[in-house]
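Provided herewith is a single structure, encoded as structure tokens, for subsequent inquiry.
The values are calculated or read from the model by the stated rules, or taken from the named source; none is laboratory data. What you see is a predicted model, and the numbers here were worked out from it, not measured in a lab. FYI the Cβ positions are ideal-geometry reconstructions off the backbone, even for glycines, and counts take in every protein chain you see.
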Amino acid sequence: MAEAFKFELVSPERLLVSEQVESVVIPGAEGEMTVMAQHAPVMTTIKPGVVTVKAAGGKEDRYVVFGGFADILPSGCTLLAESAVHVNDIDRADLARRIQDAKEDAADAKDDVARSRAEQFLAQLTTLEGALLPA
Amino acid sequence: MASLKDLRNRIASVKATQKITKAMQMVAAAKLRRAQEAAEAARPYSERMGAVLANITQAIGGGGDAPALMTGTGRDDVHLLIVCTAERGLCGGFNSQIARLARDHIRRLLADGKQVKIICVGKKGFDILRRDYGSLILERVDLREVKTLGFVNADAIARKVIHLFNEGGFDICTLFYSQFKSVISQIPTAQQIIPAAPASAAAATGNGAAAVYEYEPEPGEILSDLIPRNIAVQIFRALLENAAGEMGAKMSAMDNATRNAGDMINRLSITYNRQRQAQITKELIEIISGAEAL
């Protein structure tokens with residue numbers, strides 16, 4: 001069995017997960033990454049996506065996060081999410097609303113930088129929706 | 001001298017008031033527990049955020065690429081004050097304490113010839129500040145419709161503030177709220193959020209043994225994402241502390257009111273009984289003297 005490390009998933013409202021885990025898959029801003037024990041210290045922003053947590057017991061849990069950042073140390077990993085929910089509790093209407101907001105943002109963007117950022121965010125959200133639909 | 005009937009009415013009305021204050025106290029106690037839980041649940045996030053921010057500031061080392069939100073504009077001519085108070089009264093000196101702190105601050109700034117702008121969060125602070133500094137108030141954020149305070153509420157305020165900053169609307173932003181120490185003690189606090197107070201730098205030296213991080217994307221980019229979020233988190237924390245503080249203050253204010261009402265009922269009852277006894281004695285004397293006269 002792989003070595004376990006401490007993983008914490010925190011949203012501004014509450015602490016969602018705080019447990020010993022084997023591995024965590026994080027949707028990093030520059031690509032997905034799997035974090036295991038003794039990982040080199042990395043700090044990365046995350047994009048909207050699914051975090052897969054494999055607990056020390058082998059049980060897998062999935063959480064949907066909407067942006068934030070992760071602080072990875074050899075001794076543990078802390079994920080500060082802007083908002084996070086368990087995959088089973090995801091509210092489709094809420095997701096649809098976020099996509100709608102993102103679309104409006106993209107349409108309202110004043111300059112190219114803002115527009116490309118908004119469009120990128122929108123694309124991430126739609127990918128996320130696509131990934132969740134069969135679930 | 002009030003008649004017996006008047007006294008009876010008074011007692012009945014004080015009793016009714018006592019029932020109301022008692023109920024309000026119990027409601028406040030229940031809400032306090034929930035608000036306290038919410039404040040505690042939010043604490044890990046802001047703590048981690050502070051630690052991460054301290055680390056990253058250290059990594060950048062005050063280099064030129066730190067965003068303006070952190071370093072400030074280099075001037076301190078225009079001050080923005082975010083005054084967070086409660087939406088409702090009947091909570092003792094809670095609102096006026098925050099407002100007084102803000103007012104003293106405003107007076108000092110104006111005396112120094114600075115320009116002051118105010119954003120009021122919550123109705124009560126707005127009502128108090130409007131009297132003296134109505135022309136300085138930019139905006140009033142109404143949270144009355146909000147049942148449970150969410151991060152989105154704080155985020156909306158933070159967005160407005162950052163937007164204003166980017167437009168060059170102000171140089172320094174200070175947040176006024178009440179720190180929740182305990183049920184009986186709330187401390188009105190002023191906290192500078194833009195540019196980020198040097199407190200975070202002190203925290204950075206605290207854990208000097210911080211690991212050398214790899215950053216993905218660049219530290220500057222992470223930082224520019226992090227700082228606005230940190231402002232939202234600070235505001236969120238202030239709002240939550242305020243909510244807990246308000247309920248605490250309301251609880252003790254209502255507890256006092258209930259006790260005062262009890263004292264008043266006791267005093268009134270004694271007066272009532274004395275007067276009743278006096279009347280009975282008077283009637284007896286009348287009867288007896290009437291009988292003797294026969």
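Select from segment A:62-92 the residues that are within 13 Å of the chain's Cα centre (by Cα) and acidic (D, E) and list them in ascending order.
A:D71, A:E82
Against the condition crowded, with 20+ Cβ neighbours inside 10 Å and of a type outside the set (S, T, N, Q), how does A:E3 come out, does it pass?
Answer is no for this residue.
From A:E13, A:E32, which residue is within 13 Å of chain B (Cβ to nearest Cβ), assigned to a strand (DSSP E or B) and within 24 Å of B:R229 (Cβ to Cβ)?
Details: A:E13 fails: assigned to a strand (DSSP E or B).
Going through A:E13, A:E32 in turn, just one is within 13 Å of chain B (Cβ to nearest Cβ), assigned to a strand (DSSP E or B) and within 24 Å of B:R229 (Cβ to Cβ): A:E32.
If a residue has to be of a type outside the set (V, I, T) and buried (at least 16 other Cβ atoms within 10 Å of the Cβ) to count, how many in segment B:161-180 make the cut?
Of the residues in that region, 11 qualify.
Okay, next question. Go through segment B:226-247 and count every residue that is out of contact with any strand residue (DSSP E or B) (no Cβ under 6 Å at 6 or more places or on another chain) and more than 14 Å from chain A (Cβ to nearest Cβ).
Qualifying residue count, segment B:226-247: 2.
Hey, could you check segment B:27-46 for residues that are among the hydrophobic types (A, V, I, L, M, F, W, C) and surrounded by fewer than 16 Cβ atoms within 10 Å (Cβ to Cβ) and say which is farthest from B:R237 (Cα to Cα)?
B:V27
Still on this structure, please answer the following. Conditions first: (1) in a helix (DSSP H, G or I); (2) in contact (Cβ under 8 Å) with a residue 40 or more places away in the chain; (3) surrounded by fewer than 21 Cβ atoms within 10 Å (Cβ to Cβ). B:L129 passes all but one, so which condition is the exception?
(3)
Run down A:R92, A:R97 and say which single residue is modelled with pLDDT of 80 or more, within 30 Å of B:R43 (Cα to Cα) and surrounded by fewer than 16 Cβ atoms within 10 Å (Cβ to Cβ).
Within the list A:R92, A:R97, the selection yields A:R97.
Moving to a separate point now. If you scan segment B:78-98, which residues turn out to be surrounded by fewer than 24 Cβ atoms within 10 Å (Cβ to Cβ) and in a helix (DSSP H, G or I)?
Answer for segment B:78-98, where residues must be surrounded by fewer than 24 Cβ atoms within 10 Å (Cβ to Cβ) and in a helix (DSSP H, G or I): B:S96, B:Q97.
Now for a different question. Can you find a residue in segment B:12-23 that is within 27 Å of the chain's Cα centre (by Cα), among the aliphatic types (A, V, I, L, M) and under 30 Å from B:I270 (Cβ atoms)?
yes
So, one more: What number of residues within segment A:35-61 satisfy the criterion of being more than 8 Å from chain B (Cβ to nearest Cβ), more than 12 Å from the chain's Cα centre (by Cα) and either free of Cβ contacts under 8 Å to residues at least 40 places away in the same chain or outside any strand (DSSP E or B) (or both)?
11
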